[in-house]
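The values are calculated or read from the model by the stated rules, or taken from the named source; none is laboratory data. These numbers come from a predicted model, not from an experiment. FYI the Cβ positions are ideal-geometry reconstructions off the backbone, even for glycines, and counts take in every protein chain you see. To get the accessible areas, we keep the full protein, side chains included, count just its heavy atoms, and leave off ligands, DNA and RNA. Shrake-Rupley method; radii C 1.70, N 1.55, O 1.52, S 1.80 Å.
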Amino acid sequence: MNPNAYIILSAILLCIGLFGFMVRRNALIAFMSVELMLNAANLAMVTFSHVHGGLDGQIAAFFVMVVAAAEVVVGLAIIITIFRTRQSASVDDENLLKH
Amino acid sequence: MIPLLTAQAVAFWVFAVLAVAAALGLVLSRKPVHSALCLAAVMVCLACLYASLDAPFLFVAQIIVYTGAVMMLFVFTMMIIGVDSVDAMVETIKGQRIAATIGAAALLVLLVLAVGHGIITEPAGLDEAVGQAGNVRSLAYLVFGRYVFAFEATAALLITAALAAMVLSHGERLRKKERQKARAARRTREYAEQGVDPAPLPNPGVYARHNSADHPALLPDGSVAEGSVVPTLAARGVVVVDRGRLVAPNIVADETIRAVKDEQHGLLPGENELRDPGPAAAIAAAADSEAASGPAEAGENEEDER
C-alpha cells in the first residue's frame, strides 16, 4: 500500500476543514471544521510514523489529541458565554472589539 | 498480473471514501446536528485508518476522546444554543464564498503536488520500533521517558483548561435565591393585595385530557389555569389552548357516571318516561329526596337501637 495515498487523504480533509472554517458563519460548525483540520494533521503524523518506523509520530498525534481536547473545552465555554450575552452563535455578531 | 490487495488497502479505500463524504457533509449540511453527526463519522473513519497504520492505541484513544468526550461536549453546547438554529446563508463579505473555495482548492493542489508524491521509499513498518513490547507499552516507554516533560505540561494544560471552562461558563446569580419563608410571605402579601390564589400552582394536565406538559390544568370550576404550563412552551405556541378539547373527556365521564348511577339506584326500564320534567330534573329531585330521607333514616336507626 502506497503511503502517499494517506498523505493525499490527509490533505483533502485539511482543505475541506479549511473551506468549512472560512465559509460557515455558525461558530460551532467553524469550530468543528478546526477539529477536522487537526485530525487531518494527526493522520499525516501517524502515516509518517508508519513510514519511518518510529513511534514519535504517534506520540505527537497523542499530544495533539490532548491539546485539541483542552481547546474544545475552552472554545465551547467561550461560545456559550458569547451566546449568553449576544443571544447568537453566529461569528458575524461578535463585533464588540471592532469599534 | 493481479495487483496485491492487502487488508490495509481495503481498509484505506473503504474508510477514506467514507471520511471524505462525511467531511463534505460536515461542511455542507445546514443544521448543526447533522454536522456533528458527520464529524463523529469522520472521527470513527480516522480511527479505523489509524488501526490500519499499526496504531492500536491511537485507534482506541481517538474513539474515546473524540467520538466520546469531544462530540458529547459539542452536542451539549448545541443543546444550550438551540438545536434548530439554521445557519444564515447570507454572504456578509461579497465574493467570500468563491474566494474561499478557490483558496481551499489551490491549497489542496499545492499540497498534493508538493508532498503527495514525496514518499519514495517503502514504508519501514513499526515492527522494529515496537519489538517484543507491543504498541501500548512502547508508547508508554516514550511518554514516560523521553517525552515526560511534555506529558507533565499537558497535565497542567488540561487542569488549566478545566478551570478556564468553569470560570467562563459560570453565571453569577443576580438576585438572592428565594427561600421558603420569603416565598410564603410573598404569596400571602399578593393574596392580600391582589387576590392571587396563595396555593401552589397545579401541575400541567390536572383534570385535563392528558398529563403531558403542553396541556394546561383545569381549575375546579372548569376554567383553564394558564400558569400551569411552562412559559417557554406557551411562547412557542405548542400549548393546547382550546378549552373544549381539554374539558371534553370530563363531560363524557360525567355522563357515563350519571348513567351508571341511574342503573345502580334501581331506576326500572321505562321509569324515566314516567317522570315528565326530563332526566336532569329527575336526578335533582332524587338527590333532594335522598337528602330529605337521610335524617329520617338516621332517626329510624336510632329508634331501632332503643
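Here are the numbers for the structure shown:
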read-out: Number of positions in the range B:151-168 that are more than 33 Å from the chain's Cα centre (by Cα) and either among the small types (Gly, Ala, Ser) or not in a helix (DSSP H, G or I) (or both); value: 2
read-out: Residue under evaluation residue B:171, criteria (1) open to solvent by less than 100 Å² (accessible area, probe 1.4 Å); (2) within 26 Å of residue A:55 (Cβ to Cβ); (3) not in a helix (DSSP H, G or I), criterion not met; value: (2)
read-out: Candidates A:54, A:75, A:17, filtered to the one that is in a loop (DSSP other than H, G, I, E, B) and either within 25 Å of residue B:123 (Cβ to Cβ) or modelled with pLDDT of 90 or more (or both); value: A:54
read-out: Contacts under 7 angstrom Cβ, first residue in the range B:221-242 being closer than 15 Å to residue B:207 by Cβ, partner part of a helix (DSSP H, G or I) and open to solvent by less than 50 Å² (accessible area, probe 1.4 Å), 6 or more apart; value: B:222/B:247; B:224/B:246; B:240/B:246
read-out: Flag for residue A:91 being of a type in the set (A, V, I, L, M, F, W, C) and modelled with pLDDT under 90; value: yes
read-out: Exclusive hit being touching a residue at least 12 places away in the same chain (Cβ under 8 Å), facing chain B (nearest Cβ under 7 Å) and surrounded by 19 or more Cβ atoms within 10 Å (Cβ to Cβ), set A:61, A:40, A:44; value: A:61
read-out: Selection status of residue B:133, of a type in the set (Gly, Ala, Ser), more than 9 Å from every other protein chain (Cβ to nearest Cβ) and free of Cβ contacts under 8 Å to residues at least 12 places away in the same chain; value: yes
read-out: Residue match in the range B:188-196 (condition: surrounded by 13 or more Cβ atoms within 10 Å (Cβ to Cβ) and either within 14 Å of another protein chain (Cβ to nearest Cβ) or among the acidic types (Asp, Glu) (or both)); value: yes
read-out: Selection count, the range A:64-99, where residues are facing chain B (nearest Cβ under 8 Å) and either out of contact with any Phe, Trp or Tyr (no Cβ under 6 Å at 6 or more places or on another chain) or surrounded by fewer than 17 Cβ atoms within 10 Å (Cβ to Cβ) (or both); value: 20
read-out: Sole residue being of a type in the set (Ser, Thr, Tyr), modelled with pLDDT of 90 or more and more than 30 Å from residue B:5 (Cβ to Cβ), chosen from A:33, A:49, A:10; value: A:33
read-out: Counted residues, the range B:94-123 - those being in a loop (DSSP other than H, G, I, E, B) and open to solvent by less than 70 Å² (accessible area, probe 1.4 Å); value: 5
